[in-house]
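Here the structure comes first, spelled out in structure tokens, and everything after it is commentary.
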Amino acid sequence: MRPLEILIPILLSVFLFWQQPRPAVIRFVPALAIVLTLIHFWIEGYRWQMLPIYVLTAILGLITLTRLDIKPLASYLTFGLLAVSTALPLLLPVPVIPTPSGPYPIGTRIYELTDTSRKELYSGKDEARRIMIQVWYPSEAGTSSEQARWMDKAEIYAPAVSGQIDMPPFFLNHLALVKVPAYKNAKVTTADKPFPIILFSHGWNGFNAQNTGQALELASHGFVVVGVQHTYGAVITVFPDGTIAYSNPDALPDGAPQDEYETAAHKLVDQWAGDLGFTLDTLQTQNSDSNSPFYKTLDLARVGVYGHSTGGGAAIQFCGTDSRCVALLGMDPFMRPVSYEVLDSGVTQPSFFMFSQFWTDDVNSRNNELFHRFIPHVNDSLGVISIDGTAHYDFADLPLLSPLAPQLGLKGPINGKRVVTIVDDYLLSFFEATLNGKSTTLFDNSSPYAEVHPKP
């Protein structure tokens, strides 16, 4: 809960527990709570989880303003109601994205890209492929005062994400209140040499900001991180002209026979790999354009790629077919979309893969079968690990949504802060080693984390 959200129920509790006769200053505490509620609306923002507290504040405030007093039994019953009301914002707090550990302030920019060389496969229209990207980068402090939100266009994204977890559309509306330690359109900082690039590919029905915490951590250490939004594979995509593109379920036909499903999946991830390639083409153009904010700041010879789930498969597909990829990392990579050619030829780049316990334990899955087919052909593997207590979405920001995240199916039983520490350490150390040449012992045989084991 945010500061005023905590203070308001505390004030009401003081009023309700104060023994009668209440002195005048205590009788006016609910009125003060009303004033703080109005300030809370202005500074922190209204959210539906606080509605019961708003109602109690108004009722108690009106009672005291009319000089009525509340009997002891009524006070205790009202306090019980207040306690229950406070549980709701506690269980569904405004998430806090962890402050990154690096020395650089962070800027972010959002772009629409149109690839006229490729046709859109999933819109049902004869049109070019359009995607959105978000870039997080080292910035100069003080060059922007507009703090970025976790979700751009959250009023559209939040209902779509709510639907993904089988909740009513308003359930996650408070995500519009989440701000991150980054500033929109801040100036890219100057450095002795250009910054390495890391591309991120989200999973099926995900979105490019789902791993913002990781993007911020990497950017704070001097990487330019680009989250690619795969239109019609993301849960929803919103373009600047107001066009909205929902995910197309036919792109991954759940329940179809194996051959039919994998043919469709190969087609999908081939397009996603094309999105990654076109994003690099665009960055190359930006790097050589004197009018671009990224002019001469990008090192196109140091490109890392990572992805989650289907995005992990897209990262493998891209690195298996495009030599611009220098380093590859997969988080619960979904292997069924990876082409059979890449499965059997492998990749030559330094690579590292992290699996959740949930996916690891499904030993006879088609995904594990295909990964075991692929991994012997990885020429420079830094390892394959499994993290105890994790589920599929522990690799994203979604577990931060609520203490109820395990019950909502958004994470495993492992502590949320603990899994962020582990994943961020491996992610940052991998790209520091492979793109910046920094030595590390993290990928030696014995992990410093008790939850981490080699994947069988």
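The values are calculated or read from the model by the stated rules, or taken from the named source; none is laboratory data. None of the values given here were measured: they were computed from a predicted structure. We place every Cβ from the backbone using ideal geometry, glycine too, and count neighbours over all the protein chains shown. The accessibility values were calculated without ligands, DNA or RNA, using every heavy atom of the protein model including side chains. Shrake-Rupley method; radii C 1.70, N 1.55, O 1.52, S 1.80 Å.
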**Study point:** Thr86 vs. criteria surrounded by fewer than 19 Cβ atoms within 10 Å (Cβ to Cβ) and among the β-branched types (Val, Ile, Thr)
**Key:** no
Review point. Going by the conditions given, is Arg366 out of contact with any Phe, Trp or Tyr (no Cβ under 9 Å at 6 or more places or on another chain), touching a residue at least 40 places away in the same chain (Cβ under 8 Å) and of a type in the set (D, E, K, R)?
Key: yes
Exercise for review: Answer yes or no: is there a residue in region 253-267 that is among the aromatic types (Phe, Trp, Tyr) and within 17 Å of Met331 (Cα to Cα).
Suggested key: no
Practice item. Within region 418-448, track down each residue that is more than 27 Å from Phe195 (Cα to Cα) and touching a residue at least 40 places away in the same chain (Cβ under 8 Å). Key: Ser447
Review point. Based on what the data block shows, is Trp204 assigned to a loop (DSSP other than H, G, I, E, B), touching a residue at least 40 places away in the same chain (Cβ under 8 Å) and among the hydrophobic types (A, V, I, L, M, F, W, C)?
Key: yes
Review point. Is region 195-215 home to any residue that is open to solvent by 30 Å² or more (accessible area, probe 1.4 Å) and under 27 Å from Asp332 (Cα atoms)?
Key: yes
Revision key, fill the gap. Of the residues in region 178-194 that are touching a helix residue (DSSP H, G or I) at 6+ places or on another chain (Cβ under 8 Å) and open to solvent by 10 Å² or more (accessible area, probe 1.4 Å), the one that is nearest to Cys325 (Cα to Cα) is Pro194
Review point. In region 99-120, how many are open to solvent by 80 Å² or more (accessible area, probe 1.4 Å) and either assigned to a strand (DSSP E or B) or not polar (S, T, N, Q) (or both)?
Key: 4
Check your understanding: Under the condition of being of a type in the set (A, V, I, L, M) and open to solvent by 70 Å² or more (accessible area, probe 1.4 Å), which residue from region 8-32 is modelled with the lowest pLDDT?
Key -> Val25
Check your understanding: Any residue at all in region 395-406 that is at pLDDT below 95 and open to solvent by 60 Å² or more (accessible area, probe 1.4 Å)?
Key -> yes
Practice item. Hey, can you tell me all the residues within region 408-422 that are closer than 14 Å to Gln357 by Cβ and either open to solvent by less than 40 Å² (accessible area, probe 1.4 Å) or not in a loop (DSSP other than H, G, I, E, B) (or both)? Key: Lys411, Gly412, Ile414, Arg418, Val419, Ile422
